[in-house]
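The structure under discussion appears below in the form of structure tokens.
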Amino acid sequence: MTLPRVAAFTDTYLPTVNGVTYTVRTWRDRWEQRGGRMDVVFPESDHDPAAAEHPVGSIPFPFYDGFRVGLPSVPDAVESADVVHAHTPFGVGLGALRAARAGDRPLVASYHTPCAEYAEYLSVNGRVKRTVRRAATGYERWFLGHADVVVAPSERTAAHVEDVVAVDTEVTVVPNGVDTDVFAPVENPRERFDLPDGPLVGYTGRHGHEKRLDVLVEAVARLDREVTLVFGGDGPARGDLERLVEKRGLDARFLGFLDREDLPAFYAALDVFGFPSPVETQGLVALEANACGTPVAGVDAGALADTIEEGETGYRAPADDPEALAAAIERTFAERDRLGETCLARRDSLSVEHAVDRLAAVYDRLRAQSVRR
């Protein structure tokens, strides 16, 4: 059976490296390996577009350095798509809505990040933040209500869409998946980053204020052992983190953005992956760390409550509680070998191939319904 042609619309893409970019690229690559075509529409940037990549006009986002908002355009090259997939409700996502309506094509909407979490960047006090959060949730409800199916990366996130955002649209779970051909144990990984031999706790990803990386710093400061803290990635909270690390007198390394090929070595170099963010919709980096044999100490909130399997792939602690997170890190250190073996034993279950199988089922069902209409 011929695979449907898909047009994926995303507000975040290369050269920015984050979970959404990684998911869009990996799904597209796997789709093409199966003989299908998935065009990607994204805001114009320094990225040199490859075949089936279509930049549209964009403007800087004034509240988040380095992020650009795409204009709601529909490139001519995607007008023949069978299915439209929006990975954002903003800018480029509105272009996806236009494309679906204009061609009477089914619209799939992925729920990657709760819009309300961006209130941190738009608010000056508590009242404004609450107002922004309510408005953001209302906007999500409006946008997702136009989709034929909402795709959520975890059961916890699907419940949030159904109960908090309160959409009437069908919600189905399609995990983002991990490329287990790439994310695997690495020999002598610390040499690549010139890291010390002692205990390492690390994190990689966007340094956003909503990620609560300050809680990880405070937790490491409470450990009973000397630990080096390692950060990969970058973002608006980095300056505050560097000042907090200096204030707490910790040994910390800030490596900046890491190329995708460097990430397996980064994960494998760590004894514990620290994940204090309470706002994850899946926590893909936690699963990538697991695939490299590294257990996770994170928060018992958001999707991490399901992603981190207590006592199997790591340990959890209440959100915004440095003392409890320190205890989870200590316990993960103590059981590091056993937890790491369990992580490696479960690698196959994390594979992106399973995710694309589910995605294909969603696309095929929607295309069949569209043909019948």
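For segment 34-51, a residue qualifies if it is aliphatic (A, V, I, L, M) and buried (at least 18 other Cβ atoms within 10 Å of the Cβ), and the qualifying residues are Met38, Val40, Val41.
When segment 321-372 is filtered for residues that are outside any helix (DSSP H, G or I) and hydroxyl-bearing (Ser, Thr, Tyr), only Ser351 remains. Residue pairs whose Cβ atoms lie under 8 Å apart, separated by 6 or more positions or on different chains, with the first residue in segment 53-67 and outside the structural domain of Arg238 (by TED's automatic domain parsing) and over 13 Å from Thr12 (Cβ atoms) and the second modelled with pLDDT under 85 and not in a strand (DSSP E or B), are Pro60/Phe67; Phe63/Tyr118; Phe63/Tyr121; Phe63/Leu122.
For segment 153-189, filtering for residues that are of a type in the set (Gly, Ala, Ser), under 19 Å from the mean Cα position of the chain (by Cα) and more than 30 Å from Asp259 (Cα to Cα) leaves 2.
Scanning segment 320-349 for residues that are hydrophobic (A, V, I, L, M, F, W, C) and farther than 22 Å from Pro175 by Cβ yields a count of 8. When Ser45 is tested against (1) assigned to a loop (DSSP other than H, G, I, E, B); (2) free of Cβ contacts under 8 Å to residues at least 24 places away in the same chain, just one condition goes unmet, and that condition is (2).
So, Ala136, is that one aliphatic (A, V, I, L, M), within 24 Å of Gly19 (Cα to Cα) and either at pLDDT below 95 or not assigned by TED's automatic domain parsing to the domain that holds Pro236 (or both) or not? So Ala136 passes the test. Whenever a residue of segment 281-306 is among the aromatic types (Phe, Trp, Tyr), it has no partner that is at pLDDT below 90 and in a loop (DSSP other than H, G, I, E, B) lying with C-beta atoms less than 6 angstrom away and at least six residues away or across chains.
The condition (being within 19 Å of Leu339 (Cβ to Cβ) and part of a loop (DSSP other than H, G, I, E, B)) is satisfied by just one residue among Pro185, Pro196: Pro185. When you check Val74 against the structure, is it touching a His at 6+ places or on another chain (Cβ under 7 Å), in contact (Cβ under 8 Å) with a residue 12 or more places away in the chain and surrounded by 18 or more Cβ atoms within 10 Å (Cβ to Cβ), yes or no? No; evaluated as a whole, the condition is false for this residue. Of all the residues in segment 176-221, those that are of a type in the set (Gly, Ala, Ser) and more than 18 Å from Thr332 (Cα to Cα) number 4. I'd like the full set of residues that are of a type in the set (Gly, Ala, Ser), surrounded by fewer than 22 Cβ atoms within 10 Å (Cβ to Cβ) and modelled with pLDDT of 95 or more, limited to segment 300-325. Within segment 300-325, Gly311, Ala319, Ala324 meet the criteria.
Look through segment 264-280, keep the residues that are touching a strand residue (DSSP E or B) at 6+ places or on another chain (Cβ under 7 Å) and surrounded by fewer than 24 Cβ atoms within 10 Å (Cβ to Cβ), and return whichever of them is farthest from Leu344 (Cα to Cα). Once the filter is applied, the top-ranked residue is Pro278.
Those helices (runs of 4 or more DSSP H) of segment 227-310 in which at least 1 residues are of a type in the set (Val, Ile, Thr), considering only elements entirely within it, cover 238-248, 284-291, 304-307.
Among the residues making up segment 190-209, those that are at pLDDT 95 or above and under 24 Å from the mean Cα position of the chain (by Cα) are Phe193, Leu200, Val201, Gly202, Tyr203, Thr204. Restricting attention to segment 225-239, the residues that are touching a helix residue (DSSP H, G or I) at 6+ places or on another chain (Cβ under 7 Å) and either surrounded by fewer than 17 Cβ atoms within 10 Å (Cβ to Cβ) or among the acidic types (Asp, Glu) (or both) add up to 0. The condition of being assigned to a helix (DSSP H, G or I), touching a His at 6+ places or on another chain (Cβ under 7 Å) and not acidic (Asp, Glu) holds for Val24. Would you say Trp27 is under 19 Å from the mean Cα position of the chain (by Cα) and in contact (Cβ under 8 Å) with a residue 24 or more places away in the chain? Here the answer is yes, as Trp27 does meet what is asked.
Of the residues Arg225, Arg212, Arg248, Arg253, the single one that is of a type in the set (Lys, Arg), in the same structural domain as Pro318 (by TED's automatic domain parsing) and modelled with pLDDT under 95 is Arg225. Under the condition of being touching a Phe, Trp or Tyr at 6+ places or on another chain (Cβ under 9 Å) and either buried (at least 19 other Cβ atoms within 10 Å of the Cβ) or not assigned by TED's automatic domain parsing to the domain that holds Ala269 (or both), which residue from segment 331-346 is farthest from Gly198 (Cα to Cα)? Residue satisfying both the conditions and the ranking: Leu339.
The values are calculated or read from the model by the stated rules, or taken from the named source; none is laboratory data. All values reported here derive from a predicted model rather than from experimental measurement. Neighbour counts are summed over all protein chains in view; Cβ atoms, including those assigned to glycine, are modelled from backbone coordinates with ideal geometry.
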